[in-house]
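Right, one structure below, let's go through it.
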Amino acid sequence: MTMKASAGIYNQAMPYLAMVFMRLGSAGMPIVAKYALNKGMSQHVFVVYRFAIATLVLAPFAIVLDRKVRPKMTLSVFAQIFLLALLEPAIDQNLYYTGIKYTTATVATALCNVLPAFVFLLAWVCRLEKVDMRKQHCKAKILGTIGTVGGAMIMTMVNGPMLHLPWTKVINNQHHSTNIAATTMDDPVKGALMILAGCVCWACFVILQAITLKSYPAELSLTTLICLMGTIESAIVALIMERGNAAAWSLHWDYKLFAVVYSGIICSGVAYYIGAMVIQSKGPVFFAAFNPLTMVIVAIMSSFIFSEIMYLGRVIGAIVIVVGLYLVLWGKSKDRMPSDSDTNKAAASGGKQMGTTSETADQTSNQDFVLVDVSRGAPVDESVKENQNQIP
């Protein structure tokens, strides 16, 4: 295998590996946050510290690595960044952490799995996702989106027979269930509605981020600016909600500090940066399709680390999620494949140009090769193809 072929395989596999890594890092977030909030930490202050740490960690890298590719800031881009920070750090995160106080980490993780459905619908409406029901890969994307959400609901609501695995113990599962019941507050419906409202904001954030990246294609700088603006906006919310309660801002060398640092570096800084790169190369639907994978990872890790009992319903739900995710990814891989009609048109156009001069034919051949190579690699927007056609 040549070095060029190896590089091509690596570039194609990178978005998939990045999303799996991102979901592995996000799997511990609900448990860590739930523990800190149950110990009395203010959810509004938690959000401020989370994005402040993310900003401090990302800023040096953004300043150095993006100095040659960072576009000029315009009023339009600034307004989009302001709205992005308002949707995700300020509104979604405050709703999510307030809602998680009223319910469990498991339920909160499950409710977030409606994200692929929301993103798919919004991308369809905004014409970021093309859907033609006459094509098989479009049907696969729709069925896969339904499958990922449905599998998450099965994992949450269906238990079924208990699976007696060698490394699990019934007593540990009973103790874990008792702890969850003890730490859950009395209004799970209110918490669920808050989390679902936050998911709507999250879906809008993903779509707007895809649009912003077209005019500001510096992922690291954009992530840093979103975290910085999110820190400012979240601080305003926290100052209003925690007015007169200075103790809410105190931090010590304990679980609260760990939760803030973990969420700031892994779940805000790294996750937002990976998300921006994947959205720019593969689109918002590809990014959202991996969200239910977090629940599968949490279930597997809990089974091995905490010896939790595994139920048949959870296994079936995990299988449905994997199948749905595969359908979405297969459909996305077919989005940019050239059709037979496009190939014939390109061949006919090339034949006409060959009748003029050999130099013109060579230029056309090279230009066609670039377009075909891009279409078989990471999916790109139509605007990118148009820009390539304008390159002399």
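Given 235, 248, which one is more than 22 Å from residue 79 (Cα to Cα), assigned by TED's automatic domain parsing to the domain that holds residue 126, more than 20 Å from the chain's Cα centre (by Cα) and assigned to a helix (DSSP H, G or I)?
248
Say whether the condition of being outside any helix (DSSP H, G or I) and farther than 24 Å from residue 322 by Cα is met by at least one residue in the stretch 107-125.
The answer is no; no qualifying residue exists.
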The condition of being outside any helix (DSSP H, G or I) and either among the β-branched types (Val, Ile, Thr) or farther than 17 Å from residue 218 by Cα (or both) holds, among 32, 69, only for 69
Residue set 192, 197, 203, 181; condition assigned to a helix (DSSP H, G or I), surrounded by fewer than 13 Cβ atoms within 10 Å (Cβ to Cβ) and either over 19 Å from the mean Cα position of the chain (by Cα) or modelled with pLDDT of 80 or more (or both); output residue 181
Restrict the check to the stretch 106-117 and report whether at least one residue is at pLDDT below 95, more than 19 Å from the chain's Cα centre (by Cα) and aliphatic (A, V, I, L, M).
no
Which one of these is over 27 Å from residue 55 (Cα atoms), in the same structural domain as residue 143 (by TED's automatic domain parsing) and over 16 Å from the mean Cα position of the chain (by Cα): 261, 320, 296?
320
Is it the case that the stretch 110-127 has a residue that's aromatic (Phe, Trp, Tyr), surrounded by 20 or more Cβ atoms within 10 Å (Cβ to Cβ) and within 22 Å of residue 191 (Cα to Cα)?
yes
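Give the residue, chosen from 56, 95, 83, that is among the hydrophobic types (A, V, I, L, M, F, W, C), in the same structural domain as residue 250 (by TED's automatic domain parsing), part of a helix (DSSP H, G or I) and under 19 Å from residue 258 (Cβ atoms).
Checking each option against the conditions leaves just 56.
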Just to be sure, is residue 22 buried (at least 21 other Cβ atoms within 10 Å of the Cβ) and not in a helix (DSSP H, G or I)?
no
Per-region count, the stretch 260-283, residues small (Gly, Ala, Ser), crowded, with 22+ Cβ neighbours inside 10 Å and more than 26 Å from residue 41 (Cβ to Cβ):
2
Can you tell me how many residues in the stretch 113-159 are of a type in the set (S, T, N, Q) and closer than 18 Å to residue 291 by Cα?
4
Just checking, which of 23, 67 is at pLDDT 80 or above, more than 30 Å from residue 243 (Cα to Cα) and touching a helix residue (DSSP H, G or I) at 6+ places or on another chain (Cβ under 8 Å)?
23
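The values are calculated or read from the model by the stated rules, or taken from the named source; none is laboratory data. Note that the structure is predicted; figures quoted are calculated from it, not measured. Here Cβ is always computed from backbone atoms with ideal geometry, including for glycine, and neighbour counts include all displayed protein chains.
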